[in-house]
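Written out below as structure tokens is the structure these notes cover.
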Amino acid sequence: MGCMLCVETSRGERALAQLESASISASVLEDVQDPWLQEHGIHLRMLRLDRIHPQISGNKWFKLKYNLRAAQAAGEDTLLSFGGAWSNHLLALAEAGRLGDLRTIGVVRGEESQAPSPVLQRCADAGMVLHHVPRGDYRRKHEAAFISQLRDRFGHFYLIPEGGSNLDGVRGCADIVPLLGLDDRPVTVALACGTAATLAGMLLALPESATALGISVLRGEDTLSPQVAQCLQALGQTKPCPWQIETRFHCGGYARRTAQLLDFIEGFELRTGIPLEPVYTGKLMLALYRLIEEGRWPPGSELIAIHTGGLFPRECQKLA
Ligand SMILES: *Cc1c(COP(=O)(O)O)cnc(C)c1O
């Protein structure tokens, strides 16, 4: 923030400002070149948020950026957050902390295993302090008593909830929308949803001519839509564009995969040269192709898929 009396901006603040401008220049909107799409008369483009940074990729940067600013404004130099052993969010936080000269603490769900996941290994390499807690304790992550135990142990910290999905995280995702360069022509904007905070954030800024489509990666009934509605209300968005969450494409549930999903990803990558991963973006694209096959959109329709990143431990995902 432009304060004339401020002595100087720190190295860390400069690094994060650079990352912020990189997130704008590196996120290209590209045509998905697939003969199959041409046959169906669909113009599909993809916003490549995976290009922002190898570790702080995709939507996680947008969820972090106002949280980082709030922490800096509050004079906090330690950030603490929560996640599982494969958390893209913890990895993004660890790496942002390294760049921004901030201390980071990751509270990890489940006991420490002998061989850390490649994601946690990378977090540790970036300087994140990892604190493993049993699953039962992890569930208490919203309780004041649990947080105060963490403060006893680690001192002062700025708390970012799991996935970065607080209101600052949601607000940050509104900043994805200008990268789409939308005019007032109808377009469907589709993205994968875990907490649906990214979808909610984009709904703050999408024009009325757009339609937003979230693809849930979770099994079971749709608990995300009410949360999105609540979040929009909390942030004063009374007239979002039409939106919907599809729940048919979870492929067995969170981080589950089917042979059909893996085949689809392989074929898509071969035809288009665009890498996907099986937890989020693979399910998103599988869903879009199924919906196109079902005739959801008439020929001539414009679609944009958001590539939310998450490609980091690719080789491991292929083995798992
Ligand atoms: C976290 C994540 C998502 C889900 O974002 P939500 O805001 O929780 O819906 C989607 N894609 C990737 C690659 C992610 O890492």
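Near Thr211, the amide H atoms lying under 5 Å from its own belong to Val187, Thr188, Val189; only residues 5 or more places off or on other chains count, and H is placed 1.01 Å from N. Restricting to DSSP loop positions (anything but H, G, I, E, B) with no more than 15 other Cβ atoms inside 10 Å of their own Cβ, which GluC sites (Glu not before Pro) remain in region 1-85? Sparse-neighbourhood loop GluC sites (Glu not before Pro): Glu8.
Which value at 222 nm does the chain reach when only helices count, each DSSP H run of 4 or more adding -39,500 (n - 2.57), with the total divided by all residues and rounded to the nearest 500 deg cm²/dmol? Each step should come with its number before you reach the end.
Details: 13 runs with 129 residues, N = 320.
Using -39500 (n - 2.57) per qualifying helix, the result is -12000 deg cm²/dmol.
In this rough spin-label picture, where each label sits 7 Å from Cα along the Cβ direction, the His142-Leu235 distance is 1.9 nm.
The antiparallel fraction among DSSP beta bridges confined to the chain stands at about 10%. With every protein chain in place and a 1.4 angstrom probe, the accessible-area ranking of Val129, Val187, largest first, reads Val129, Val187. Note that region 227-239 has calculated 3J(HN,Hα) couplings of 5, 4, 4, 5, 5, 4, 5, 4, 9, x, 8, 9, 10 Hz, one per residue in order, obtained from phi through the Karplus relation 6.51 cos²θ - 1.76 cosθ + 1.60 (θ = phi - 60°); glycine and proline are x.
Applying a DSSP loop filter and a limit of 16 other Cβ atoms within 10 Å to the GluC sites (Glu not before Pro) in region 88-125 leaves Glu111, Glu112. With a simple spin-label model that places each label point 7 Å from the Cα along the Cα-to-Cβ direction, the separation between Leu167 and Arg103 comes to 2.9 nm.
What does the C-alpha gyration tensor say about the overall shape of the chain? Classify as rounded when a/c is under 1.5, otherwise prolate if a/b is larger than b/c, or oblate. Can you show the working numbers first?
Values: a/c = 1.71, a/b = 1.41, b/c = 1.21.
Taking the square roots of the gyration eigenvalues as a ≥ b ≥ c, the chain is prolate.
Accessible area per residue for region 77-156, computed on protein heavy atoms with a 1.4 Å probe, is 48 Å². Note on the chain: GNM, Cα springs under 10 Å; of Val133, Val217, Val279, the largest mean-square fluctuation is that of Val133. Take region 225-320 with all the other protein chains still there, run a 1.4 Å probe, and you get 48 Å² of accessible area per residue. Against the longest principal axis of the chain, how steep is helix 11-25, in degrees 0 to 90 to the nearest 10, with axes from Cα atoms? Roughly 0 degrees, rounded to the nearest 10.
Close amide H pairs (under 5 Å, H built 1.01 Å from N) link Val28 with Arg48, residues at least 5 positions away or on another chain. Label separation (Glu208 vs Gln18): 4.4 nm, computed from points 7 Å beyond Cα along the C-beta direction. Close amide-amide hydrogen proximity is noted between Leu130 and Gly106, each under 5 Å apart and 5 or more residues distant or on a separate chain (H modeled in the peptide plane; Pro and chain starts excluded). Using 1/(1 + (r/R0)^6) with R0 = 35 angstrom and r between the beta carbons of Tyr254 and Arg153, what's the FRET efficiency to the nearest 0.05? Efficiency computed from Cβ-Cβ geometry: 0.75.
If you roll a 1.4 angstrom probe over the protein chains with everything in place, what fraction of the accessible area of region 77-156 belongs to carbon and sulfur, to the nearest %?
Working: 1800 of 3860 Å².
Answer for region 77-156: carbon and sulfur cover 47 percent of the accessible area.
For region 13-106, state which chymotrypsin sites (Phe, Trp or Tyr not before Pro) are in a DSSP loop and have at most 15 other beta carbons lying within 10 Å of their beta carbon.
Passing both the DSSP loop test and the Cβ count: no residue.
The number of Lys pairs in the chain with C-alpha atoms less than 27 Å apart, excluding pairs fewer than 8 positions apart on the same chain, is 12.
The C-alpha atoms of the chain define a longest principal axis, and helix 281-293 lies at about 20 degrees to it.
Counted residue by residue at 0.36 nm each, then reduced by the alpha carbon distance between them, the extension gain from Glu294 to Gln38 reaches 90.6 nm.
With the cut-off at 1.5 for a/c, could you classify region 61-186 from its C-alpha gyration tensor as rounded, prolate or oblate? Each step should come with its number before you reach the end.
On the way: a/c = 1.82, a/b = 1.61, b/c = 1.13.
Cα axes put region 61-186 in the prolate bin.
At 0.36 nm per residue, and after removing the present C-alpha to C-alpha distance, how many nm does the segment from Glu269 to Glu112 gain when stretched out fully? Please report the intermediate quantities before stating the final value.
Details: separation 157, 0.36 × 157 = 56.52 nm, distance 3.43 nm.
Length gained, Glu269 through Glu112: 53.1 nm.
To the nearest ten degrees, helix 144-154 and the longest principal axis of the Cα atoms of the chain are 60 degrees apart.
The values are calculated or read from the model by the stated rules, or taken from the named source; none is laboratory data. These figures come from a predicted structure and were not determined experimentally. Counting neighbours? That spans all protein chains shown, and the Cβs are built from the backbone with ideal geometry, glycine included. What goes into the accessible areas is simple: the full protein's heavy atoms, side chains included, and nothing from ligands, DNA or RNA. Shrake-Rupley method; radii C 1.70, N 1.55, O 1.52, S 1.80 Å.
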